[in-house]
Number of protein chains: 2
Amino acid sequence: MRIVITGGAGFLGSRLTRALLALRGAEGGLPAFDGILSVDLAPSPVDDPRVASVVGDIADPAFAREVIGAETAGVYHLAAVLSGGSEEDFDLGMRVNLDGTRALLEAARATGRAPRFVFASSVAVFGGALPEVVPEATAVMPASSYGAQKAMGELLVNDYSRKGFVDGRACRLPTIVVRPGKPNSATSSFASGIIREPLAGQPSNLPVPMGTRLWLSSPDTVVANLVHAMALDGGRIGAWRVLNLPGICVTPAEMLASLERVGGPAARALVTERRDERIAGIVLSWPGDFEVDRLLGLGFRRDADFDGVVRQYRDEFVS
Amino acid sequence: MRIVITGGAGFLGSRLTRALLALRGAEGGLPAFDGILSVDLAPSPVDDPRVASVVGDIADPAFAREVIGAETAGVYHLAAVLSGGSEEDFDLGMRVNLDGTRALLEAARATGRAPRFVFASSVAVFGGALPEVVPEATAVMPASSYGAQKAMGELLVNDYSRKGFVDGRACRLPTIVVRPGKPNSATSSFASGIIREPLAGQPSNLPVPMGTRLWLSSPDTVVANLVHAMALDGGRIGAWRVLNLPGICVTPAEMLASLERVGGPAARALVTERRDERIAGIVLSWPGDFEVDRLLGLGFRRDADFDGVVRQYRDEFVS
């Protein structure tokens, strides 16, 4: 039996792959599996005999049925066209983020075994006027096509779960910081950039106000929470299968203070502050803080502070 | 230029057709039109030279593009597989309620003129624990596939509006009472039945507790609100295009008191009270009252009292 990870070749997908393999059944509650099937536009970078890769288009129902079948122990659906890309190419976002999710759910349903199905959603489902701290039952009013498509995916995961077609969990991921590599098409790309670039001696620009509240999680914490989301008994989650994964509420001002503490004043000095109205408009529509007590009670976790988030990146990626 | 009405042959669609024709431009703000195009599985019953009918499947994108085009002044999308049908045949509900809505929105987008698009949604998008009086910004947690599909339709209408593809308005309709004709399989069928049947000298049973709060609107009021939803300037609605159409909160006890006042004690005596757990369980989960001040301020209306709702039905349908 294998755990399927769409977006398995990506940053998060490949870390999740390594984490699942490292567990070797140590995390109670996970469905039994002996391998990972990475589904993405490129093969998994994880070099391990227990990892297989298939390359293809998840929005193609025939392909979805090829990758999810009798040997599927559970599904992580992480693949998506990100916020910037979905806003630029509406039809591509609809195809991958909505049709793709639906095709995978249909393939999981067709197995007849209601596999666990962890869907990576996003706080981008929120928009409009929001309370300072967002309660669990808060209306979604997405201000982006990415957010709208993720909100539709949540509704699908819920209804497929209610019908007993899958055992779904829609996890709204905080913004993941610090991502390694190059800036990507996500509107939140700057949140990694203002730490990553200065630590490499490169300049970076902050396009949103210093006081913007961001809801952040380190890669290690998100991966641990995704593992837990698959391991958790559905009965403990309740009928409504949407989970606001815990994060920490941090402003760029606090992030840059952490950068200075961990990376020094020279690194901090490399960050300029030039507002980009398009990016600021979207990011300021996102909620900055959430009620997470129930989630912490369910065993999900969050980072202790942002200094630790910077150190996690520095220790792994900065030589 | 024509106004397109999907579900145009139905009870609500045909009343809306007649109302729009009777207005002859009297309601300010409506897009200019000189005819109605009814789109349904049967032709419109409205015998008027200004009404044309096409029969076909709205989930077929080619058909959707046939019925919405350069001559489309605005769209009412009322056609749906209702709650019972969507729960029984999941795939049919997804096809008509989700794919159909998307195909119509795509056809409207393809006109390049962002036509006004009024989408009939439902209070069935709600579920779970709800406040006594439901505020406008309340999280949807549909407990039925119909509700999930309508909630996805709302997200589509919103995002297509935000992108400027249509000028959308998603109206959540209260339960419409009193519907003429025979009892149907709808869970709310009794709400019309306990008035309609006794007025025709027939017995009827109340399957829910006397104190159950129901959110009701007469057909005339819903039609007037649908006309207003098309006529209203989009700027007055705001960025989020979902409208909880006003209704009145009435209990069966109050409904039967109205029946006695309007139809006499003999009519009232024809209603039995035999609880049906399946129906009661569903109906008791529905929201019974909503905050509607903003909507009333925007010019939407509601029935003055339930006596008037009973008289509206009696005067039109009881000889």
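Around B:L130, which amide H atoms from residues at least 5 apart in sequence, or from another chain, sit under 5 Å from its own amide H, with H modelled in the peptide plane?
Here the answer is none, since no amide H 5 or more places off falls under 5 Å of that of B:L130.
For chain B, what is the convex hull volume of the alpha-carbon atoms per residue, in Å³?
Looking at chain B, the number lands at 123 Å³ per residue.
With everything on Cα atoms, drop me the angle between helix A:252-263 and the longest principal axis of chain A, reported from 0 to 90° to the nearest 10.
80 degrees
If you take all C-alpha pairs in segment B:128-269, what percent of them are over 22 Å apart? Could you put the intermediate results ahead of the total?
Numbers: 4950 of 10011 pairs.
Considering segment B:128-269, 49 percent of its Cα-Cα pairs are separated by more than 22 Å.
Specify the angular offset, from 0 to 90 degrees and rounded to the nearest 10, of the alpha carbon long axis of helix A:11-23 from the longest principal axis of the alpha carbons in chain A.
Relative to chain A, helix A:11-23 is tipped by roughly 60 degrees.
Roughly how many Å is it from the Cα centre of segment B:240-287 to that of segment A:239-300, as a whole number?
When both Cα centres are located, 49 Å separates them.
Per residue, how big is the convex hull around the C-alpha atoms of segment A:251-293? Give it to me in cubic angstrom, could you?
82 Å³
Please give me the summed charge of the neighbours of A:S44: other residues whose Cβ is under 13 Å from its Cβ, Lys and Arg +1, Asp and Glu -1. Intermediate results must be reported in sequence, preceding the final value.
On the way: positive: A:R2, A:R15, A:R18, A:R50; negative: A:D40, A:D47, A:D48.
In short, +1.
Between copies, how far apart are the A:A52 label points? List them in nm, one decimal, shortest first, with each point 7 Å from Cα toward Cβ, please?
In nanometres, ordered from closest: 5.5.
For a quick check: with amide H placed at 1.01 Å from N, whose amide H comes under 5 Å from A:F119's, ignoring anything fewer than 5 positions away on the same chain?
Placed amide hydrogens put A:H77, A:R169, A:A170, A:C171 under 5 Å from A:F119.
Hey, with R₀ at 56 Å, roughly what FRET efficiency would B:D34 and A:D315 work out to, going by the Cβ-Cβ distance, to 0.05?
Once rounded, the FRET efficiency stands at 0.20.
Working out 0.36 nm times the residue gap between A:E277 and A:S185, then minus their Cα-Cα distance, what length gain in nm do you get to one decimal?
On the way: separation 92, 0.36 × 92 = 33.12 nm, distance 1.61 nm.
Full extension of this stretch gives 31.5 nm more.
Report, in degrees rounded to the nearest 10, the 0 to 90 angle that the Cα long axis of helix B:101-110 makes with the longest principal axis of chain B.
30 degrees
Please figure out what share of the DSSP beta bridges in chain B is antiparallel and state it in percent, rounded to the nearest 5.
So the antiparallel bridges amount to about 10 percent of the total.
One decimal, nm, shortest first: give the distances between the label point of A:G112 and those of the same position in the other copies, each label point 7 Å from Cα along Cα→Cβ.
In ascending order, 5.1 nm.
Given a cut-off of 24 Å, name the pairs among A:K163/B:K150; A:K163/B:K182; A:K182/B:K163 whose C-alpha atoms lie farther apart than that in the structure shown. Show your work: numbers first, answer last.
Working: A:K163/B:K150 16 Å; A:K163/B:K182 30 Å; A:K182/B:K163 29 Å.
Over 24 Å Cα-Cα: A:K163/B:K182; A:K182/B:K163.
Given 25 °C and 0.890 mPa s, how large is the Stokes-Einstein diffusion coefficient of segment B:17-90 in µm²/s, with Rh as the Kirkwood radius over Cα pairs?
Diffusion coefficient, whole number: 174 µm²/s.
Using only the alpha carbon atoms of segment A:1-141, find the Kirkwood hydrodynamic radius as the inverse mean reciprocal pair distance, in angstroms to one decimal.
16.0 Å
Taking all pairs of distinct Cα atoms, average 1/r, flip it, and tell me the Kirkwood hydrodynamic radius of segment B:224-319 in Å to one decimal place. Before the final figure, lay out the partial values.
Values: mean 1/r = 0.0619 Å⁻¹.
Mean inverse Cα-Cα distance, inverted, gives 16.1 Å.
How large is Rg/Rh for segment B:74-157, to two decimals, with Cα atoms and a Kirkwood Rh? All intermediate terms of the calculation are to be shown ahead of the outcome.
On the way: Rg = 13.7 Å, Rh = 13.5 Å.
Ratio of gyration radius to Kirkwood radius for segment B:74-157: 1.01.
With +1 on each Lys and Arg Cβ and -1 on each Asp and Glu Cβ, how big is the dipole of the protein assembly as shown about its Cα centre, in debye rounded to the nearest 20?
Numbers: 64 positive and 72 negative charges, 29 e Å.
The calculated dipole for the protein assembly as shown is roughly 140 debye.
With the crude spin-label approximation of a point 7 Å out along Cα→Cβ, what separation in nm comes out for A:M1 versus B:M210?
The two pseudo-label positions are separated by 5.4 nm.
Run the dipole for segment A:134-246 about the Cα centre, Lys and Arg Cβ at +1, Asp and Glu Cβ at -1, nothing else charged, and hand back the magnitude in debye, nearest 20. Provide the component values of the computation, followed by the final result.
On the way: 11 positive and 7 negative charges, 19 e Å.
Charge dipole, segment A:134-246, about its Cα centre: 100 debye, nearest 20.
Could you give the alpha-carbon Rg of segment B:207-275 over 2.2 N^0.38 Å, rounded to two decimals?
It is 1.55.
Out of all Cα-Cα pairs in the protein assembly as shown, roughly what percent, to the nearest whole number, are more than 36 Å apart?
Numbers: 86705 of 203203 pairs.
Value for the protein assembly as shown (Cα pairs over 36 Å): 43 percent.
Please get the size of the charge dipole for chain A, origin at its Cα centre, with Cβ charges of +1 on Lys and Arg and -1 on Asp and Glu, quoted in debye to the nearest 20.
Details: 32 positive and 36 negative charges, 87 e Å.
So the magnitude is around 420 debye.
Ranked by Cβ crowding within 10 angstrom, fewest neighbours first, how are A:V123, A:V318, A:V67 ordered?
Result, fewest neighbours first: A:V318, A:V67, A:V123.
Suppose you put the label 7 Å out from Cα in the Cβ direction; list, shortest first and in nm with one decimal, how far B:A137 is from each other copy's label.
Inter-copy label distances (nm, one decimal, shortest first): 1.7.
So, how do all the Cα-to-Cα distances of segment B:130-186 break down into 5 Å bins, in percent, from 0 on up?
That works out to 4, 14, 17, 21, 19, 14, 9, 3, 0, in percent per bin.
With the crude spin-label approximation of a point 7 Å out along Cα→Cβ, what separation in nm comes out for A:R301 versus B:A110?
Between A:R301 and B:A110, the simple spin-label model gives 5.3 nm.
Every number in this text was worked out from the coordinates using simple rules, so none of it is lab data. Since the structure is predicted, the reported quantities are computational estimates derived from the model, not experimental observations. All Cβ positions, even for glycine, are placed from backbone atoms using ideal geometry, and neighbour counts span all protein chains on display.
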